[in-house]
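Worksheet: the structure to be examined is printed underneath.
The values are calculated or read from the model by the stated rules, or taken from the named source; none is laboratory data. As the structure is a computational prediction, the values presented were derived from the model and not from experiment. Glycine also receives a Cβ, built like all others from the backbone with ideal geometry; neighbour counts cover every protein chain displayed.
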Amino acid sequence: MKRTKIKALLARTAPLENVLIKGWVRTRRDTKEFSFIEVNDGSCLASIQVIVDAGTPGAEFLPRISTGAAVAVTGEMVPSPGKGQAFEIRSRGLELVGTSQEAYPLQKKRHSDEFLRTIAHLRPRTNKYGAIMRIRSKTSHLIHRFFEEEGFFLIHTPIITGSDCEGAGEMFRITTVSGSTPASDDFFGQETNLTVSGQLSAEMMALALGDVYTFGPTFRAENSNTSRHAAEFWMLEPEMAFCDLTGNMDIAEALIKYVVQGVLESCAEDIALFANFVDKTLMKTLTSLRDDAYIRLSYADAVEILLKAKKPFDYPVSFGIDLQSEHERYLAEEHFKKPVFLYNYPKGIKPFYMRMNDDGETVAAMDLLVPRIGELIGGSQREEREDKLQERMQALNLPEADYWWYMDSRRFGSVPHSGFGLGFERLLMLLTGISNIRDVIAFPRTPGSIDF
Ligand code: 4AD
Ligand code: MG
């Protein structure tokens with residue numbers, strides 16, 4: 001007999017004569033005649049109650065069926081007289097698949113996030129982390145579905161690269177030789193890094209296929225031990241040919257609305273857990289994300305608003321500064337109380353590839369700022385004009401020879417094009433109300449922390 005997932009069982013409205021379930025024991029409770037075992041198989045938040053009596057084949061395992069043990073149960077699914085569950089399983093056979101030793105660290109009580117991070121290998125068995133992993137999976141599928149429906153092609157960009165897309169120098173070096181060996185003798189014959197962004201490759205593909213996106217692991221050696229930075233995170237990067245900055249913001253906004261709607265539809269039970277226990281304002285945030293038009297505001301206008309703000313900031317504001325998370329959050333969380341696209345940033349705080357505006361001072365950049373998180377998206381219209389791009393690269397001391405292939409794209413059929421990068425973990429924080437990036441990725445990599 002094939003096992004049935006608990007999610008499928010609980011979606012039924014009618015009892016079922018013969019079922020087989022397999023999962024892990026959350027609790028076992030014994031009365032004189034019966035044992036009640038709560039089994040969860042990870043397919044959904046809910047567990048199902050299994051009732052075993054002394055005559056059931058396999059009942060001899062009962063003393064060893066402790067929290068964390070793996071079991072297989074055959075039986076009949078019948079309406080449950082108990083509260084909070086429509087059905088339960090009257091067991092006709094019980095099998096102990098894997099015992100759980102006494103040291104099993106997950107108890108019925110609520111554990112702190114900090115403690116659960118120390119057992120990241122077991123925390124997906126808790127309600128909260130099971131829920132976040134299911135939402136993570138669904139969100140990922142929704143992103144792919146959105147771009148498929150919009151006619152984008154999924155591309156896979158390299159993880160090992162020789163270039164620094166963002167020019168911020170926050171790269172992990174990869175090498176097969178010892179420190180004193182010259183880079184020319186290294187595996188690739190030059191310095192190589194883990195990618196900080198697939199953008200430059202994505203641009204080449206967009207200039208052939210039209211609309212593309214890449215969605216994969218991204219690496220940054222930022223030594224900022226914050227709740228919003230990970231050394232390894234997932235970035236979604238769409239790139240659109242024949243698209244300007246407005247079109248870029250339009251796609252970003254449509255994507256987020258689509259994903260929020262999809263998650264509300266298909267992860268209602270898991271989302272409710274977060275709305276009840278993690279962030280009481282979550283439903284309000286999500287409906288606003290789905291229904292409200294996002295603000296679009298120039299960087300210069302944002303600076304004006306920040307200068308007039310009554311709020312004291314740790315970092316003083318003036319035109320030209322790289323906005324800090326406190327500024328970004330003030331705009332999205334307190335001033336507008338909804339997502340805000342900021343555009344036209346000063347050139348000095350943005351990478352070389354962004355399109356120069358006519359003022360010669362600002363570039364066609366856009367960041368999407370959202371409540372609680374700050375920056376969720378960073379993107380731009382790209383500089384498609386060869387001479388302007390050369391100017392920027394010279395000003396920033398970037399050797400043109402290293403970017404010969406990138407420059408080629410501006411020589412052979414260059415077109416206006418745009419794209420952005422969305423931090424997938426930050427999106428998940430937004431969708432769940434979880435406040436630390438370490439809790440939306442299975443095995444977080446942060447400074448000084450590489451267990452699991
Ligand atoms: O703003 P960023 O640096 O943009 C780029 O890398 C562009 N090349 C993307 C593009 O246009 N194709 O990064 C994009 C997003 C940020 O807005 C943030 O959400 C996320 O990536 N991000 C991080 N997320 C988690 N941990 C980190 N250390 C992150 N650094 C950036
Ligand atoms: Mg950015």
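Quick look at the values:
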quantity: Hits in segment 17-44 (condition: small (G, A, S) and crowded, with 19+ Cβ neighbours inside 10 Å); calculated: G23, S35
quantity: Test: residue in segment 353-368 that is within 15 Å of ligand 1 (Cβ to nearest atom) and either over 14 Å from L245 (Cα atoms) or outside the structural domain of D301 (by TED's automatic domain parsing) (or both); calculated: no
quantity: Segment 401-425, residues that are within 16 Å of ligand 2 (Cβ to nearest atom) and part of a helix (DSSP H, G or I); calculated: F424, E425
quantity: Residue in segment 420-436 that is of a type outside the set (A, V, I, L, M), within 21 Å of G162 (Cβ to Cβ) and at pLDDT 95 or above present; calculated: yes
quantity: Tally, over segment 369-381, of residues that are more than 8 Å from ligand 1 (Cβ to nearest atom) and without any contact (Cβ under 8 Å) to a residue 60 or more places away in the chain; calculated: 1
quantity: Single match in L307, L396 (criterion: under 23 Å from E239 (Cβ atoms) and assigned by TED's automatic domain parsing to the domain that holds A252); calculated: L396
quantity: Residue, nearest to ligand 2 (Cβ to nearest atom), within segment 372-386, restricted to residues that are in contact with an Asp or Glu (Cβ under 6 Å, 6 or more places away or on another chain) and within 15 Å of L323 (Cβ to Cβ); calculated: G378
quantity: Single residue of S91, S100, S47 found to be surrounded by fewer than 20 Cβ atoms within 10 Å (Cβ to Cβ) and touching a residue at least 24 places away in the same chain (Cβ under 8 Å); calculated: S100
quantity: Close pairs (7 angstrom Cβ cut-off, 6 or more residues apart or separate chains): assigned by TED's automatic domain parsing to the domain that holds T195 and of a type in the set (D, E) in segment 214-243, part of a loop (DSSP other than H, G, I, E, B) and within 15 Å of ligand 2 (Cβ to nearest atom) anywhere; calculated: E222/E170; E222/H229; E237/S197; E237/G198
quantity: First in segment 397-424 and polar (S, T, N, Q), second anywhere and surrounded by fewer than 16 Cβ atoms within 10 Å (Cβ to Cβ), Cβ under 8 Å, 6 or more apart; calculated: S414/R385; S414/E386; S418/D244; S418/G247
quantity: Where a residue in segment 267-288 is under 20 Å from M133 (Cα atoms) and its partner, wherever it lies, is in a helix (DSSP H, G or I) and among the hydroxyl-bearing types (S, T, Y), with Cβ under 7 Å and at least six apart; calculated: F274/T432; V278/T432
quantity: Positions within segment 201-255 being within 8 Å of ligand 1 (Cβ to nearest atom), in contact with a strand residue (DSSP E or B) (Cβ under 9 Å, 6 or more places away or on another chain) and farther than 17 Å from T139 by Cα, in sequence order; calculated: A202, T218, R220, R228, H229, A230, A231, E239
quantity: Test: residue in segment 323-341 that is away from ligand 2 (no atom under 13 Å from the Cβ), under 30 Å from N397 (Cα atoms), assigned by TED's automatic domain parsing to the domain that holds G433 and surrounded by fewer than 19 Cβ atoms within 10 Å (Cβ to Cβ); calculated: no
quantity: Listing of strands (runs of 3 or more DSSP E) fully contained in segment 330-400 that carry 2 or more residues being touching a Lys or Arg at 6+ places or on another chain (Cβ under 6 Å) and at pLDDT 95 or above; calculated: 362-370, 374-381
quantity: Selection within segment 355-371 - within 11 Å of ligand 2 (Cβ to nearest atom) and more than 30 Å from M283 (Cα to Cα); calculated: A365
